[in-house]
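Take a look at the structure set out below.
The values are calculated or read from the model by the stated rules, or taken from the named source; none is laboratory data. What you see is a predicted model, and the numbers here were worked out from it, not measured in a lab. Neighbour counts run over all protein chains shown; Cβ positions are idealised from the backbone, glycine included. Quick note on the areas: whole protein, heavy atoms, side chains included, nothing else; ligands and nucleic acids left out. Shrake-Rupley method; radii C 1.70, N 1.55, O 1.52, S 1.80 Å.
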Amino acid sequence: KLGPSVRVIIVANWDQFDQLPFWDASDYVALSAYYPLASGPRADSSVEKLVEAWRPWQKRILAVAEKAGKQLYFSEVGYASVDRAASEPWGWTGNLDLELQKRLFEAFGIAWGGDPKISARLARFQLWALDFSATPLTDTGFVVIGKPAEAALVRAFARRAVSALATS
């Protein structure tokens, strides 16, 4: 440890978080949240299906956090505005799909902010999306400002705030 006021955050990739043997050295179980939630670009990507697809990941993630006795910290959460974002959330390529990006953020907000018990385990999440584009409605990147996903994020933050108040 570097001192009582210094937080140490070790971040695991989405596919390696349950293999990390030294969570005790980190103040949080910190993850990059690029979890695939669909089998391909043509799979059902309704908000309900995406929330359902989060459940097995949640179970594993929460088990690791519980075992480590730590809160969760999503160091990266983001989705490009492409048709492959649910199956390859780390990717940049694909056809423009603003609505899928919005549904993915809606599902994240419901999955992690809808239940006060789960929300209480989440210390923080950072978006890899707070960038700007001169043409957001044609931008296939991770930008959310000026896209339908922006409203979904506002709702996710509001849901988490209400959930946090319910547990205090």
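Here K70 is the anchor, and the lysines within straight C-alpha reach of less than 21 Å, apart from those fewer than 8 places off in the same chain, are K1, K59, K117.
For K102, a cut-off of 22 angstrom between C-alpha atoms picks up these lysines, skipping any fewer than 8 places away in its own chain: K49, K147.
Using a probe radius of 1.4 Å on heavy atoms only, what accessible surface per residue do you get for the chain? Whole Å² is fine. Before the final figure, lay out the partial values.
Working: 8650 Å² over 168 residues.
Here the residues of the chain average 52 Å² of exposed surface.
Counting only residues at least eight positions apart within a chain, or on another chain, the aspartates and glutamates with an alpha carbon under 14 Å from that of K67 are D18, D24, D27.
A crude spin-label estimate for the pair N13 and D27, with each label 7 Å from Cα along the Cβ direction, gives 2.7 nm.
Helical runs assigned H by DSSP (4 residues or longer) give the chain a calculated mean residue ellipticity at 222 nm of -12500 deg cm²/dmol, each run adding -39500 (n - 2.57) before division by the residue total.
For the stretch 34-56, backbone nitrogen atoms closer than 16 Å to the point 7 Å from A68 Cα along Cα-to-C-beta are found at 34-35. Structural descriptor for the chain: relative contact order 21 percent, calculated from alpha carbon pairs under 8 angstrom and at least 6 residues apart. In this label model, S5 and W92 are separated by 3.9 nm, measuring between points 7 Å along each Cα→Cβ vector. The listed peptides 44-52, 14-22, 136-144, ordered by packing as a protection proxy, come out as 136-144, 44-52, 14-22 (highest mean of other Cβ atoms within 10 Å first). About the centre of its Cα atoms, the chain shows a dipole size close to 540 debye [charges on the beta carbon of Lys, Arg (+1) and Asp, Glu (-1) only; nearest 20 debye].
So, by mean Cβ neighbours within 10 angstrom, what's the order for 55-68, 74-87, 95-108 with the highest one leading?
Working: 55-68: 14.6, 74-87: 23.6, 95-108: 21.8.
Top of the packing list down: 74-87, 95-108, 55-68.
Per-atom-type breakdown for the stretch 15-107 gives carbon and sulfur 48% of the accessible area (1.4 Å probe, protein chains only).
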